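Rule-based calculations on the coordinates, nothing more; no lab input. Quick caveat: nothing in here was measured; it's all calculated off a predicted structure. Every residue, glycine among them, receives a Cβ derived from its backbone with ideal geometry; neighbour counts consider all protein chains shown.
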Amino acid sequence: MITMENVCKSYKVAKRDAGFRAACKALVHREYEAVHALNNVSFTVRDGEMVGYIGPNGAGKSSTIKILSGILTPDSGTCVIDGRVPWKNRTEHVRQIGVVFGQRSQLWWDIPVIDSFELIKEIYSISTPQYNNKLEELTQLLQLQEILKTPTRQLSLGQRMRCEVAASLLHEPRLLFLDEPTIGLDAVSKLAVRDFIKKLNEEHKTTVILTTHDMQDIEAIANRVILIGRGQILLDGTLDELRRAAVSDGNGNTDEPLDLDHVMACLYRNLNIL
Amino acid sequence: MRKYYLFFKLRFAAGIQYRMAAVTALTTQMVWGLMECLAYKAIAESSGNMPMDYSAVVSYIWLKEALLALFNTWAADNDIFGMILNGDISYELCRPLSVYSMWFSRTAGGRISEALLRCIPVLACAFLMPYPYKMGLPVSAGAFLLFLLTAVLGLGVTIAFCMLVYILCFFTISPQGWRMALTGAVDFLSGNIIPLPFFPDKYLRIAQLLPFAYMQNIPFRIYCGDLAAAAIPSAIAGQVFWFAALTLAGLLLWKKAEKRVVVQGG
Amino acid sequence: MGIIMRIWKSIILYLRYASICVRSAMQYKLSFLLMIIGRFIIAFNEFIAIKFLFSGFEEIKGYSYGDVLLCFSIVQMSFTLSELFGNGFKVFSGMIKRGDFDRILLRPCSPILQIIGNHFEIGRTGPMITAVITLVIGIRTCSVSWNAAAFFTLALMIAGGALLFIGLFMLGAGLCFFSIEDTSIINVLTYGAKSHGKYPIDVYGRGILRFCTYIIPYTLFQYYPLQYLLGRTTQWRLAFYPLGIVVFLALCYAVWRIGVHNYKSCGA
């Protein structure tokens with residue numbers, strides 16, 4: 001499904017120092033420094049896999065997602081998704097993918113959710129029977145019956161996230177990116193979203209790539225974890241493998257059962273990627 | 001008093017930080033001023049007798065651009081406005097200060113800092129303009145002192161009016177809309193679009209009955225010598241009167257608004 | 001055939017967006033109404049200012065009150081139309097900062113369509129009322145003999161002006177991609193032209209006239225066709241000058257395209 005090979009990406013970032021004089025200088029002349037966001041990143045994802053993509057802030061997670069979704073062009077390397085190069089045929093590519101940003105909304109604030117859905121139907125040119133089928137299915141699975149007629153601004157965060165997920169799936173993408181989908185949600189909504197994603201994968205074989213800081217999301221959803229730090233892939237395996245890596249590199253207290261957050265903290269420290 | 005001073009200082013420091021915005025504002029204001037000067041020049045050349053001397057109009061225009069931050073009625077302090085909109089006002093009520101004076105000093109601090117920051121480059125450019133568009137010096141030392149005095153009073157009237165607008169916002173469900181509708185009219189009546197002497201007589205008489213003629217109109221016209229010496233005392237009296245009246249109205253209305261906030265919980 | 005279908009679909013989609021924007025605005029009816037009234041008053045101020053100024057004299061550089069009013073209403077109407085349709089470009093820097101542009105790129109249709117569709121601003125119709133009122137007064141009091149050619153020229157001027165302002169908004173939006181902190185400098189060119197374009201540009205002298213022809217071609221929809229409309233010249237080809245604005249629009253679009261390309265290779 002996804003093949004990514006030797007992808008590199010660096011940004012030029014304007015240096016900015018504090019203080020009034022530096023501010024004046026920056027008006028006339030700016031200095032740039034290169035930040036290597038991705039450094040030789042390679043991995044493959046098979047059809048129907050559910051991959052957790054994790055790493056500390058600024059590790060290169062969102063750059064990877066942006067490249068995979070076709071809105072960022074890498075400096076070098078190749079990436080092929082279902083035979084398409086994302087940034088080359090963007091329009092065609094984005095038709096096949098869905099993206100959920102946990103911190104941003106794609107629903108119109110002041111109008112009922114269903115109207116946002118209708119617009120998305122137009123945007124993706126989804127045929128009416130296909131749209132109706134999918135809407136019914138999503139409504140059932142995510143329990144949207146009660147809230148479809150409500151304006152987005154009146155929804156709770158959990159309700160809104162369920163609608164966001166549905167909005168990203170109306171066009172039946174084969175590949176779904178979830179960027180912190182459970183951030184700020186209450187326990188019930190978190191569980192609902194996780195269950196739904198698992199079901200989605202079972203029924204439609206949708207490939208899911210999930211970035212999150214919530215290790216329970218990973219545990220519940222992902223059957224494979226890719227750990228990225230300082231722009232490089234550091235580990236690629238199951239959660240158990242991750243756990244073992246954390247313990248063996250650490251202080252050797254193998255008998256102490258670590259919870260996942262500690263595993264991650266341990267890993268980040270050992271790999272020195274914070 | 002010290003507390004108010006600190007509020008003033010905080011706002012002042014915040015104002016200094018926008019640098020790119022300052023360059024943009026300078027360009028904007030110079031273009032605006034120059035275009036107006038050119039338009040009035042064409043008017044002066046076509047009509048012969050203008051209600052104000054051309055040189056006085058030029059000075060008026062540059063003063064208006066330089067001190068825009070002091071006297072405009074449409075730029076509200078967004079923090080205060082936000083507090084009213086989202087209900088954070090309840091925090092303000094917890095402070096051991098009078099909210100009215102706090103907001104007043106805050107607004108004054110914001111306006112003065114911005115005006116100082118912006119007027120220096122604008123005035124420098126305006127004084128360096130080629131002849132007919134060059135900003136003139138005040139007509140006399142006395143006029144300059146009176147300009148300073150009336151500018152302070154004018155600022156007082158402006159802020160007292162803005163406070164009234166803030167407080168009125170408590171009583172409407174659409175503060176932004178109200179503010180826009182209200183300030184649109186005030187902009188014109190304060191002489192911001194065209195100087196008041198260009199009003200036809202009967203409209204001028206009406207405008208002079210309103211507080212808005214006592215904001216920027218008085219100091220600017222004293223500076224450029226357009227306001228006759230005999231008219232100055234009554235103009236100052238008018239400023240004092242409107243300052244007192246608007247402040248009083250603001251305080252009374254605030255009492256009512258405060259009750260509302262306390263009762264409704266913001 | 002394919003192209004016609006695509007254009008048709010785009011129009012349908014745009015109308016969808018527009019209807020959503022209108023319905024969103026209608027959620028806050030009082031606010032909406034006051035906003036329109038406020039904007040109407042602000043625009044009306046300019047009209048009153050012209051009226052007041054002209055109470056003291058007959059003409060300015062040979063233009064009568066009616067002539068100036070006509071010119072004012074043309075510029076006002078162009079600008080309002082450009083705000084109505086091109087508002088998305090105006091608020092674009094905010095979209096970039098919030099990361100909303102990513103979402104736009106994630107959808108399989110034209111980014112420009114989404115940007116302008118998302119921000120169709122019906123609330124901008126306030127100044128339109130002023131523009132219509134002043135246009136009617138202008139048409140009745142100016143020295144033009146109104147025939148089909150005159151109305152055609154008028155329509156072309158308004159359309160050309162709207163395209164020019166949309167081009168400027170697009171230019172400003174395009175500059176947002178180049179890590180420029182503050183692109184509000186472009187407002188000098190848009191709001192400045194709206195406020196000061198109320199007088200035919202030659203009123204401001206030769207220097208400004210040149211700037212407004214060769215740097216930003218305002219004169220193509222304002223000064224030159226106005227000369228023909230007011231019968232100050234018999235050269236009918238001046239009436240077609242607004243068509244030249246298409247070239248300017250293409251240049252602005254080029255900047256926008258480079259910007260989008262830059263965004264895709266640099267992120268934001």
### Task
Could you list, in their original order, any pairs among C:Lys29/C:Lys198; B:Lys202/C:Lys51; A:Lys134/A:Lys199; B:Lys41/C:Lys194; C:Lys61/C:Lys198 whose Cα atoms are separated by more than 22 Å?
C:Lys29/C:Lys198
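Would you mind estimating how fast the protein assembly as shown diffuses translationally, via Stokes-Einstein at 10 °C and 1.306 mPa s with the Kirkwood radius over Cα pairs, in µm²/s?
Roughly 53 µm²/s, to the nearest whole number.
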#### Entry: Rough spin-label spacing in nm, given labels placed 7 Å along Cα→Cβ, for A:Leu157 and B:Leu145
6.3 nm
### Query
Under a plain spin-label model, where a point goes 7 Å from the Cα along Cα-to-Cβ, how far apart in nm are C:Val136 and C:Leu33?
2.2 nm
#### Entry: Cα centroid separation - the stretch C:141-184 against the stretch A:74-97, whole Å
38 Å
### Task
Enter the Cα centre distance for the pair the stretch C:223-268 and the stretch B:156-215, rounded to the nearest angstrom.
38 Å
#### Entry: Once the Cα gyration tensor of the stretch B:2-264 is diagonalised, semi-axes √(5λ) in Å
33, 21, 17
### Query
Which loop-located GluC sites (Glu not before Pro) does the stretch C:55-113 contain, where loop means any DSSP state but H, G, I, E or B and the Cβ has at most 11 other Cβ atoms within 10 Å?
C:Glu58
### Task
Report the antiparallel proportion of the DSSP beta bridges in the protein assembly as shown as a percent, rounded to a multiple of 5.
55 percent
### Message
Bins of 10 Å, beginning at zero and ending with the bin holding the largest distance: percent of Cα pairs per bin for the stretch B:72-174, please.
### Response
12, 35, 27, 16, 9, 1
### DSSP-loop chymotrypsin sites (Phe, Trp or Tyr not before Pro) across the stretch A:84-114, with at most 12 other Cβ within 10 angstrom
A:Trp109
### Message
Ratio of alpha-carbon Rg to the 2.2 N^0.38 Å globular estimate for the stretch B:104-228, to two decimals, please.
### Response
1.18
### Query
Averaged over all directions, how much area does the convex hull of the C-alpha atoms of chain C cover when projected, in nm²?
16.0 nm²
### Task
For the protein assembly as shown, build the charge dipole from Cβ charges (+1 Lys, Arg; -1 Asp, Glu) around the Cα centre, then report which of C:Ile11, B:Gly136, A:Leu178 sits farthest towards its positive end.
B:Gly136
### Message
I need two numbers for the stretch C:1-40: Rg to one decimal and Dmax as a whole number, Cα atoms only, in Å.
### Response
15.4, 46
### Message
With the alpha-carbon atoms as the only input, what is the per residue convex hull volume for the stretch A:102-172 in Å³?
### Response
79 Å³
## Note on the structure
Taking only the alpha carbons of chain A, the radius of gyration and the largest Cα-Cα distance, Dmax, both in angstrom, are 20.5, 63
### Query
If each of B:Leu210 and C:Trp146 carries a label point 7 Å out from its Cα toward its Cβ, how far apart are those two points in nm?
3.2 nm
#### Entry: Global size of the stretch C:157-268 as Cα Rg and Dmax, reported in angstrom
15.7, 53
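Eigenvalues of the Cα gyration tensor times 5, then square-rooted: what semi-axes does that give for the stretch C:1-145, in whole angstrom, largest first?
For the stretch C:1-145, the semi-axes come out at 37, 18, 14 Å.
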